[in-house]
Amino acid sequence: LIHLISIPVTNTSVNPARSISQAIFVGDWALAQLWLFVLIPIVAAMVAGAVYKYLGKG
């Protein structure tokens, strides 16, 4: 679903391997933004795990 919404708008990538390869190829500003594509999926997984654990207690 995220691909259907975000690729036409911002040409985003939710695949870290693709993001890293493109950042290395382009260089400059893309390398400066690379940490987002690595860190955000990890943080999102941690938040989702915490929410699941919280909701599972009830």
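Can you say whether SER21 is polar (S, T, N, Q), surrounded by 10 or more Cβ atoms within 10 Å (Cβ to Cβ) and touching a residue at least 24 places away in the same chain (Cβ under 8 Å), as far as the supplied structure shows? Reasoning before the result, please.
Working: polar (S, T, N, Q): yes; surrounded by 10 or more Cβ atoms within 10 Å (Cβ to Cβ): yes; touching a residue at least 24 places away in the same chain (Cβ under 8 Å): no.
For SER21, the condition - polar (S, T, N, Q), surrounded by 10 or more Cβ atoms within 10 Å (Cβ to Cβ) and touching a residue at least 24 places away in the same chain (Cβ under 8 Å) - is not met.
Can you go through ILE7, ILE24 and tell me which one is out of contact with any Gly (no Cβ under 9 Å at 6 or more places or on another chain), β-branched (Val, Ile, Thr) and at pLDDT below 85? Let's see the steps before the verdict.
Working: ILE24 fails: at pLDDT below 85.
Within the list ILE7, ILE24, the selection yields ILE7.
Exactly one condition in (1) among the hydrophobic types (A, V, I, L, M, F, W, C); (2) in contact with a Ser or Thr (Cβ under 9 Å, 6 or more places away or on another chain); (3) surrounded by 10 or more Cβ atoms within 10 Å (Cβ to Cβ) is false for ILE2; which is it?
Condition not satisfied by ILE2: (3).
Kindly provide the set of residues from region 12-47 that are within 13 Å of the chain's Cα centre (by Cα) and part of a loop (DSSP other than H, G, I, E, B), ordered by number.
Across region 12-47, the qualifying residues are THR12, SER13, VAL14, ASN15.
The values are calculated or read from the model by the stated rules, or taken from the named source; none is laboratory data. Bear in mind the structure is a predicted one, so any value in this text is a computation, not a measurement. A quick note on method: Cβ atoms are made from the backbone with ideal geometry, for glycine too, and the neighbour counts reach across all protein chains shown.
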